[in-house]
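Down below is the structure, laid out as structure tokens.
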Amino acid sequence: MIRFRLEIAGEVQMDRGIARFADWVADYRPLWPVIEDDFYAQEKAQFESQGEEGGEKWQELSPEYAGWKEAHYPGKPILQRTGDLVKSLTSGSDPNTVKIEARKTLTLGSKIPYAIYHQSTAPRKVLPRRPEIMLTEPFKRETMRNMHAYLVDLATKSGFRRGLTTLESSRLAKYFGKGIPPKGTSPRRGKDGMFLF
């Protein structure tokens with residue numbers, strides 16, 4: 001069995017096992033864009049809800065700082081004074097985004113130096129903890145579902161599993177609508193037995 005871990009600033013937020021079949025998979029890079037899109041959507045919700053999405057609503061600003069911030073940066077929410085931090089964690093194309101897609105690892109994060117302070121669980125004396133990255137259970141389930149679908153596709157294409165790949169199944173369902181094939185139509189199979197679309 002291999003482990004699929006999501007670690008944020010030293011804190012393990014997800015640690016799930018995947019069957020031994022995954023041991024021989026040499027490259028997960030085709031899967032990374034799907035997980036990245038989900039991550040950026042999760043982060044947008046985290047910032048919009050000021051931490052509530054991840055289950056840990058961020059503490060309000062002190063009255064003194066809230067007054068100063070409103071005078072100098074009117075209307076800016078918590079952790080969004082300049083917008084650099086939120087942009088770096090919600091877009092893969094921002095210059096402050098960390099995005100490293102390796103064969104077996106995906107690293108996402110921010111180059112903004114103060115991001116780690118807000119995320120860290122280390123004891124603090126000045127500012128309260130306001131974690132930008134708190135992965136929700138739906139995110140974790142969707143990540144594992146996508147991982148499973150990728151592995152099923154590889155198994156099918158490699159001959160370990162007979163039948164349709166996940167993509168072919170979804171195309172077939174779309175082709176037939178709600179399970180009722182259009183009159184006078186039927187999908188065709190290629191020489192390899194796979195459906196043609």
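Derivation of every value follows stated rules applied to the coordinates shown; laboratory data play no part. Just so you know, these numbers come straight off a predicted model, no measurement behind them. All Cβ positions, glycine included, derive from the backbone under ideal geometry; neighbour counts span all protein chains shown.
Straightening the chain between Ala26 and Asn146 buys 41.5 nm, computed as 0.36 nm per residue apart minus the Cα-Cα spacing. Given R0 = 22 Å, the distance between the Cβ atoms of Ile116 and Ala71 translates into a calculated FRET efficiency of 0.20. When a/c is below 1.5 the answer is rounded, else prolate if a/b is larger than b/c, else oblate, so apply that to region 69-113 with a ≥ b ≥ c taken from the square roots of the Cα gyration tensor eigenvalues. Judged from the Cα gyration tensor, region 69-113 comes out prolate (a/c at least 1.5, a/b above b/c).
Rg/Rh for region 81-139 stands at 1.00; both radii use Cα atoms, and Rh follows the Kirkwood definition. With N the number of residues in region 36-132, Rg(Cα) / (2.2 N^0.38 Å) evaluates to 1.13. Taking amide hydrogens as placed 1.01 Å from N in the peptide plane, the amide H of Val98 sits under 5 Å from those of Gly109, Ser110, Lys111, each at least 5 positions away in sequence or on another chain. Listed by chain and number, the aspartates and glutamates placed with their C-alpha closer than 14 angstrom to that of Lys111 are Asp84, Asp94, Glu132; residues fewer than eight positions away on the same chain are left out.
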